[in-house]
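The values are calculated or read from the model by the stated rules, or taken from the named source; none is laboratory data. None of these values were measured; they are calculated from a predicted model. FYI the Cβ positions are ideal-geometry reconstructions off the backbone, even for glycines, and counts take in every protein chain you see.
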Amino acid sequence: MTGKKILMIVGDYGEDLEIMVPFQALQMVGHEVHAICPDKEKGDTCPTAVHDFVGDQTYKELQGHNFTLNYDFDNADPADYDALVLPGGRAPEYLRLNDEVISKVKHFLDEDKPIAAICHGLQIFAKTGGIEGKTLTAYPACGPEMEACGANYKEVEATEAVVDGNLVTSPAWPGHQKWLAQFLKVLGTEITHN
């Protein structure tokens with residue numbers, strides 16, 4: 001298997017697990033992942049947040065780890081990548097205000113390249129367009145926003161994933177197993193067991 005080259009766009013206070021787990025898991029199976037953040041370079045860090053579900057009306061936010069970027073934002077040409085990962089957390093709400101982020105994400109949508117987006121990561125699509133008519137899921141609080149963008153928002157359990165062509169989405173990190181498994185299928189990654 002030849003690994004794919006994958007771009008991951010992160011930001012300060014992105015969700016810890018939604019950044020760390022796909023970053024490590026995709027590399028574990030042989031893909032190259034470049035994690036970038038606007039206004040930051042390789043070696044800089046992004047503080048993350050842990051969003052936990054403890055029975056309140058919404059998630060509880062705790063301090064996560066510092067995530068070290070492994071590539072420069074300005075050097076990441078989306079044309080050089082096979083796929084995109086958009087983690088959730090608080091970062092997407094302001095990342096979508098950055099024109100360079102929008103330009104990079106639009107490339108993947110326009111070229112119909114594989115995209116894995118989770119939780120609040122889908123908020124970036126509110127500015128990019130390109131999801132009209134797509135069936136997807138997101139954190140439930142983002143559902144009305146996805147519908148306003150013309151997407152077919154599907155509310156599913158947090159442990160589930162939704163696939164529409166090359167777009168793989170999940171409501172939150174409890175869906176990592178299915179979200180990543182479906183993304184690997186879209187990427188054409190084969191894992192065999194002896």
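Of all the residues in the stretch 34-67, those that are closer than 21 Å to V105 by Cα, free of Cβ contacts under 8 Å to residues at least 40 places away in the same chain and of a type outside the set (A, V, I, L, M, F, W, C) number 4. Among the residues of the stretch 50-82, just one is of a type in the set (G, A, S), at pLDDT 95 or above and surrounded by 11 or more Cβ atoms within 10 Å (Cβ to Cβ), namely A76. Taking the stretch 132-174, which residues are closer than 20 Å to L84 by Cβ, in a helix (DSSP H, G or I) and touching a strand residue (DSSP E or B) at 6+ places or on another chain (Cβ under 7 Å)? The answer is M146, W173.
Here the stretch 98-117 is the region considered, the condition is being assigned to a loop (DSSP other than H, G, I, E, B) and on the phi < 0 side of the Ramachandran plot, and the residue that is nearest to the chain's Cα centre (by Cα) is P114. Here T2 does not fit the description of being assigned to a strand (DSSP E or B) and either exposed (fewer than 14 other Cβ atoms within 10 Å of the Cβ) or on the phi < 0 side of the Ramachandran plot (or both).
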